[in-house]
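The values are calculated or read from the model by the stated rules, or taken from the named source; none is laboratory data. This one's a predicted model, so the numbers in the text were calculated from it and none came from an experiment. Every residue, glycine among them, receives a Cβ derived from its backbone with ideal geometry; neighbour counts consider all protein chains shown. Ligands, DNA and RNA are stripped out before the accessible areas are found, and what is left, the full protein with its side chains, is counted by its heavy atoms. Shrake-Rupley method; radii C 1.70, N 1.55, O 1.52, S 1.80 Å.
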Amino acid sequence: MADSEDRTVGEKALETLKRWYQVPVLAGVMVFMFWTRYQNHDAFTRGGDGFWLQAVDSWYHWRATNWMVDNVPWTLSFDAWTGFPNGTAPGQFGTLFDQIVVAVSIVLGLGNPGESDVLLAALVTVPALAALVAVPVYYLGKRLGTRIGGVAGAATLALFAGEFFRRSTAGQFQHHAAEALFMAIAVLAVVVALTVAERERPVWELVRRGDWDALRRPTLYSALAGLAVTLYLWVWPPGVVLVGILGVYFVLQLSLDQVRGRSPDHLAFVGVVSMLVVAAGTALRIGQPGFSATGLNFFQPTFALLVAGGCVFMAGLARLWDGRALPRWSYPAAVGLSILGALGALTVVLPGVFETLSNNLGGRIVPFGRSESALTVEEVGAPDSFFSSFVQEEYGWAFYTGLVALPILAVQSVLKPNERAKYLFVLVWALVLISMGMTQVRFNYYLAVGVAVLNAHLVGFLAAGIELPSSTEESDESGSTVQVFQVVLILVVAMLVFVPLFPTVASPSAAPEASLRRCPLIGTPRPPTQPPLQPTRTGPSGSSGR
């Protein structure tokens, strides 16, 4: 009887472990990521009479955050200390990232934060945001394959000691960790929305009849995807590149769907709803007129509306093609010609949008067309020997194993029976991140997330027959046979990915002393190149005041 009870307890414990093993592992990964980034925090508060922050941009965020603490809930809309002698809009500073730090400082200060509370919030929030990136990476890996893949992706991200690590340590009071987190969340939200749309198959007829029962789930998840993209743009307005990635993806995906005899309406619905939400959300935060990717202005909502309109056009063109029984293979050619015509019209109707698109394509997304002024800035320079020494230092062998996942994604986007759309989207996203990483050194804090997701997919693909079932939804795996070659492949991949990364994180440290800038703890913070002047405060409307 006792043996039976012990066996029952053991079986229950094993079943619990099968169901929830990813939770303690993921929690451990996040704790490790936070600890390695925060353990140097005392380097920025020692001395008692002052504090330090890394990099010049940290002081822009410091000034914006202190202003916002004094003017909750307003966001800094005009910076009198930038753009001498007239001042300028803060652009990438004073965004959602700073509002998050303000919220943390209010909690730490019990509703009345002082300067020391703001400093502690600045030191804690960035490593915490970096650690949270492991969560969407895990879920992306799980949705692309299995839970084992998701765990492997999160663990891979935790061991990277390149740009993503350096830009998310305590003292780096910048928005890079928040960018990586909110982009990963947005990509995950889009993947979920595409999956739901493929299952529910929304079409124009349902919209025309007002059948909202059938459209409820696709609409909800598409709107959430749009909200996630909007929040990312609120963190970093130049992140509008993600809208461009979605535009490229929908052109490819809707063309493939039409060629394969599948209605483009299903996924065009996601594009229209999500981009309308992005247009509305970014329009609410317009801080200045004009068309520029460096701040929230007319460019972001206009670009989102262009992508939404493109989805409507492609879905309508597909119906015209079917109605006239035109060859399906000619549809992509017609779409390509239409895009060229639209770009030509854009140069006449909205020249500001076209100029911003072309300027940001060269030197920011693709490794050519960089301006002469950009060449003088170290962080926007192109990495030397990208495919050899650079990626080896940044990612070890994980970059190359991630490349192996690219053709797997390409094949799955064509041959997978159901839910093919997510594979092509992740493929397009990863390829653009690789191009951005080749173009500018700093964008490797994005590419680190992409490499982690690619490795998560590779491990999940290899482990598809090993993943243990934890619920009825995974019961199809219960009859799978564990193959020796799968175990060997996973061990080889794990050794290639993880072993070279361990020495790089053995002793993380603060940035070199030369990169630190000192500022008095009592009184007004000052940029490192300016005398200790009292800053001019600006009210919520941008007017000057004390």
14 Å beta-carbon shell around T95, net charge (K/R +1, D/E -1): -2
Simple spin-label estimate for A342 and R262 in nanometres, 7 Å along Cα-Cβ: 2.1 nm
Computed label-point distance, nm, for sites S116 and A464 using a 7 Å Cα→Cβ extension: 5.8 nm
T88-Q288 pseudo-label distance in nm [points 7 Å out on the Cα-to-Cβ vector]: 0.6 nm
Loop-resident sites, the range 173-261, for trypsin sites (Lys or Arg not before Pro), counting at most 16 other Cβ within 10 Å (DSSP): R260
The range 63-103, relative contact order in percent, only Cα pairs under 8 angstrom and at least six apart counted: 42 percent
The range 113-239: relative contact order in percent, alpha carbon pairs under 8 Å with at least 6 residues between: 25 percent
Modelled label reach - R19, point 7 Å along Cα→Cβ, the range 141-168 residues with backbone N closer than 18 Å: 147-148
Carbon + sulfur, % of accessible area of the range 201-295 - ligands and nucleic acids excluded, 1.4 Å: 68 percent
Residues of type lysines that K416 reaches as a straight line, Cα spacing below 23 Å, ignoring anything fewer than 8 places off in the same chain: K142
